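Input: a single structure, listed below in structure tokens.
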Amino acid sequence: MYNYYGLTSGFVIYLFTSIESFINQLIPDNYSFKKEQSKKTEIFNKSQIQEHLDFKTKITEVLPDVTKKNFFQKSTSSNQRIWNLKNFRDDIVHTKHEDNPLRYEKLIKTALNFDYNKTLESVAAFMNFYRKDYIIECGCGVDY
């Protein structure tokens, strides 16, 4: 079980990191994001966006502003899988120490029931939405 959990944790963390890296790559160096609120307006440069804005703001506000496209405009199974990936990743990264391993039951159940293949396909669809043919099948017939 520990080996399985180690492999799945790595998969989830690296896949989510690839989304964040992809988003950061799409933001132009000279881009500024303006976040207007009733009492204040904040302006973020690229570095501040990468370091200080949360994932949801990046994909639902910054990315649509930069690209004029919005993968998350409508709720779909693909974008729900990306939210599930984010939540699973958060649960892994923010795990607290427990003396009783049974307290990790929810995390273990998630690891066992998570749809890794469909999530991988959803991440590819997300990336291809913003950059055509960014992720393509190798066509070699080999299953890595």
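The values are calculated or read from the model by the stated rules, or taken from the named source; none is laboratory data. Bear in mind that the values here come from a model prediction, so they are computed numbers and not experimental data. Here the Cβ is made from the backbone with ideal geometry for all residues, glycine too, and neighbour counts use every protein chain on show. Remember, those area values only see protein heavy atoms, side chains included, never the ligands or the DNA or RNA. Shrake-Rupley method; radii C 1.70, N 1.55, O 1.52, S 1.80 Å.
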Fill in the blank from the handout: Summing +1 per Lys or Arg and -1 per Asp or Glu among the other residues with Cβ less than 11 Å from residue 65's Cβ gives +4
Handout entry: Contour excess over end-to-end distance, with Cα ends at residue 14 and residue 95 and 0.36 nm allotted per residue
Key = 27.5 nm
Completion exercise
Helix-only [θ] at 222 nm, the chain, -39500 (n - 2.57) per DSSP H run of 4+, per residue, nearest 500, equals -17000 deg cm²/dmol
Exercise for the section: Please say if the range 5-61 is rounded, prolate or oblate, where rounded means a/c under 1.5 for a ≥ b ≥ c the square roots of the C-alpha gyration tensor eigenvalues, and otherwise the choice is prolate for a/b larger than b/c and oblate otherwise? Expected result: prolate
Exercise for the section: Express the relative contact order of the range 51-144 as a whole percentage, based on alpha carbon pairs under 8 Å and six or more residues apart in sequence. Expected result: 28 percent
Exercise for the section: Could you tell me how many degrees, from 0 to 90 and to the nearest 10, lie between the Cα long axis of helix 77-93 and the main elongation axis, the longest principal axis, of the Cα atoms of the chain? Expected result: 70 degrees
Fill in the blank from the handout: With all protein chains present, the range 1-91 has a carbon and sulfur share of its accessible area (1.4 Å probe) in percent of 47 percent
Exercise for the section: Set the Förster radius R0 to 30 Å, insert the Cβ-Cβ distance between residue 121 and residue 38 as r into 1/(1 + (r/R0)^6), and round the FRET efficiency to 0.05. Expected result: 0.15
Handout entry: Option label - Cα extents along the principal axes in Å computed here, alternatives (i) 47, 45, 26; (ii) 49, 35, 24; (iii) 58, 35, 25
Key = (i)
